[in-house]
1. Working only within the stretch 220-235, note down all residues that are within 16 Å of residue 262 (Cβ to Cβ) and surrounded by fewer than 20 Cβ atoms within 10 Å (Cβ to Cβ).
2. Considering the stretch 167-202 alone, what residues qualify as being in a strand (DSSP E or B) and within 18 Å of the chain's Cα centre (by Cα)?
3. Hey, among the residues in the stretch 346-374 that are within 24 Å of residue 274 (Cβ to Cβ) and exposed (fewer than 12 other Cβ atoms within 10 Å of the Cβ), which one's modelled with the lowest pLDDT?
4. Condition (residue is in contact (Cβ under 8 Å) with a residue 24 or more places away in the chain and part of a loop (DSSP other than H, G, I, E, B)) applied to the stretch 124-140: is it met by at least one residue?
5. Please pick out the residue among 244, 265 that is surrounded by fewer than 24 Cβ atoms within 10 Å (Cβ to Cβ), among the aliphatic types (A, V, I, L, M) and in contact with a Leu (Cβ under 6 Å, 6 or more places away or on another chain).
6. Quick one: in the stretch 327-345, which of the residues that are under 18 Å from the mean Cα position of the chain (by Cα) and part of a helix (DSSP H, G or I) is surrounded by the most Cβ atoms within 10 Å (Cβ to Cβ)?
7. Which members of the stretch 156-186 meet the condition of being in contact with a strand residue (DSSP E or B) (Cβ under 7 Å, 6 or more places away or on another chain) and among the β-branched types (Val, Ile, Thr)?
8. Considering only the stretch 268-292, how many residues are exposed (fewer than 15 other Cβ atoms within 10 Å of the Cβ), within 28 Å of the chain's Cα centre (by Cα) and over 17 Å from residue 217 (Cβ atoms)?
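The values are calculated or read from the model by the stated rules, or taken from the named source; none is laboratory data. Computed from a prediction, not measured in an experiment: that's the story for all the values here. We place every Cβ from the backbone using ideal geometry, glycine too, and count neighbours over all the protein chains shown.
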Amino acid sequence: MSKRSRKGGEENPLSDIEQLAADLPSANGEVYAKIAMTGGSSFRGHLVLKRLAELPHVREIHVFDIKAPLVHAPKVIFHRVDLTRDGADDLVASLLIKNEIKCLVHGALFSGPGRNSSLRREIETIGTFHILNALAEAKVERCVVLGDTFVYGAHSQNPNFISENHSLRALGPDFVRARVDVEKQLIEFAKDYTDCEVCVLRFAPILGPNSTNVRARYFLVGIIPKVLGYDPLLQFIHEDDAAVAAQLAIFSKARGAFNIVGKGVLPLSTGIHLSGRFPVPVATPICKTVFSLGFMLRVWDLPSAMVPFFQYLCVADGNRAEKVLGFRPHYSSRQALKALIEAARLRSVGFSIPSSALGEEQPLKPNEGFVRVN
């Protein structure tokens, strides 16, 4: 198999993948009967996989992951693949060719920082490298990547609303640098393999009744840390809107990057007030030490790398997604946060959404809502 070369990461600003693409109307998209997917066992992957499984024209969904997804349907076919292992690209390519798959959704990316940063970086950077090798070999026509707006980083010089052509900064926390490396790979791949339509969805933090990612857990702990003197604007997207946006992107011909965000923004102080939790302001000179200590003692899941996101703006402009994909969010950022908080309050008084733990996040099983716990 002919392999693409893996170039080392560079500490320089990056051009956006949007610069390589033309805006094509989503109405001209392909209706794929067979779709492949990575990261189907994560919460975000589950949202997309569940929606695809409900579409009558989708006959097969091949999931490449180390964990089986919780979506149980005859059309969902699980292939146990470790994307970090040597030969993963050969295995994925052979499965794509054998099953005549022309569209792949790459969801093996994390929604924020975690406790094993080296492993997570390897999964994202090496895993993406193997997936792109497989796409090149199998001549896949379309690749939709489930990314995040945190790739822009939180900086004092960020504009009020960041567009997709804003330069990505290679300097920053580990989890941001890893994602910048992933997007750099995507840019290089899109240049070399123009027959493959590469579409990157940059999601705002996804919140809703079932979300348990790092942003969701921030509003659910007993004591909420914040940086004294700062009250940045926050932006979220409801989990239902996120699934709709992914479906629109998969069956479109749109290329490039798209910010997928909810309507409006809200200050951090308002979010904390809605949660009913007790805020603890931390002085700037010691905030990284305090965040690190709380993270080490498992008081919260916020490493010191998250401190800039509690000081500066990282709010994205969703106009391009509306114009090209036809995506219009149904819920606001405030409603997405309230859905998370109200579900947590119902759980605290004896109601629950049954779901199986998947490490970082927990999905909602099909056809299940709130049930009383006796």
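1. Across the stretch 220-235, the qualifying residue is only 233.
2. Result: 168, 198, 199, 200, 201, 202.
3. 369
4. If we filter the stretch 124-140 for residues that are in contact (Cβ under 8 Å) with a residue 24 or more places away in the chain, which is where we start, we get 124-140.
Among the residues that remain, those that are also part of a loop (DSSP other than H, G, I, E, B) are: 139-140.
Scanning the stretch 124-140 turns up at least one residue that is in contact (Cβ under 8 Å) with a residue 24 or more places away in the chain and part of a loop (DSSP other than H, G, I, E, B).
5. The match here is 265.
6. Ranking the qualifying residues of the stretch 327-345, first place goes to 336.
7. 162, 180
8. Of the residues in that region, 3 qualify.
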